[in-house]
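Okay, structure first, notes after.
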Amino acid sequence: MRLFKISFLLIFTNILLVRMPVQSQDMGGAMNRASQYYLGREDELLIPVNIWGFVNKPGQYMVPNNTDLISLLSYAGGPNENAKISTIRIVRSDPRRGSQIWNIDVQRYLDTADNRLIPALKPGDTIIVKGRTFYWVSKFFEFISRLAVFAQIYYFIAIAERNR
């Protein structure tokens, strides 16, 4: 019975653990100003940008200079069904100006087609697409329901041991 409890605990912790994020490829260590630009096909200037969160293919992308946020979202396979596109965050580190953070309302752009709402990206920008509140509430209830199942199994095991 002790072996059963230990295996139950191992299975329980394995199911409840969140998957560890996959490490992205290293771009050669710390980037200095000159290494932020790369040449692509036909001497096209490419810049590295990161996109995290609720997109279909998050990661680091080498995109043409002057790529805008909508194009990057498209490169990343678009926002997934749980994305909150009304507040997409752009984080930019500039040695001269310091760190800057913008919240971009992509939904408003889609409703109005106003190109002034969508900024061009700079080398090293990080775009964060947050999840909708409904997603987090559903994840909470999913966790609680898993916990309840395991609590019920443990309760039945405890009753079975007492009745022996």
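The values are calculated or read from the model by the stated rules, or taken from the named source; none is laboratory data. For clarity, every value in this text was computed on a predicted model and none was experimentally measured. Positions of Cβ are backbone-derived with ideal geometry, glycine not excepted, and every protein chain shown enters the neighbour counts.
Key figures
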read-out: The listed residue being at pLDDT 90 or above, crowded, with 18+ Cβ neighbours inside 10 Å and among the β-branched types (Val, Ile, Thr), out of Ile70, Ile90; value: Ile90
read-out: Members of segment 132-164 that are surrounded by 13 or more Cβ atoms within 10 Å (Cβ to Cβ) and assigned to a loop (DSSP other than H, G, I, E, B); value: Arg132
read-out: Residues satisfying the stated conditions in segment 100-131, i.e. in a helix (DSSP H, G or I), of a type in the set (D, E, K, R), over 17 Å from Ala83 (Cα atoms) and touching a residue at least 12 places away in the same chain (Cβ under 8 Å); value: none
read-out: Residue match in segment 91-107 (condition: polar (S, T, N, Q), over 23 Å from Ser138 (Cβ atoms), touching a Gly at 6+ places or on another chain (Cβ under 9 Å) and not assigned by TED's automatic domain parsing to the domain that holds Val137); value: yes
read-out: Residue ID - farthest from Ile51 (Cα to Cα), chosen from residues in segment 100-131 that are of a type in the set (Ser, Thr, Tyr) and surrounded by 12 or more Cβ atoms within 10 Å (Cβ to Cβ); value: Tyr109
read-out: Residues (closer than 16 Å to Arg89 by Cα and aliphatic (A, V, I, L, M)) located in segment 108-139; value: Leu117, Ile118, Ala120, Leu121, Ile127, Ile128, Val129
read-out: Verdict on Tyr155 being touching a residue at least 24 places away in the same chain (Cβ under 8 Å), of a type in the set (Ser, Thr, Tyr) and over 17 Å from Gly53 (Cα atoms); value: no
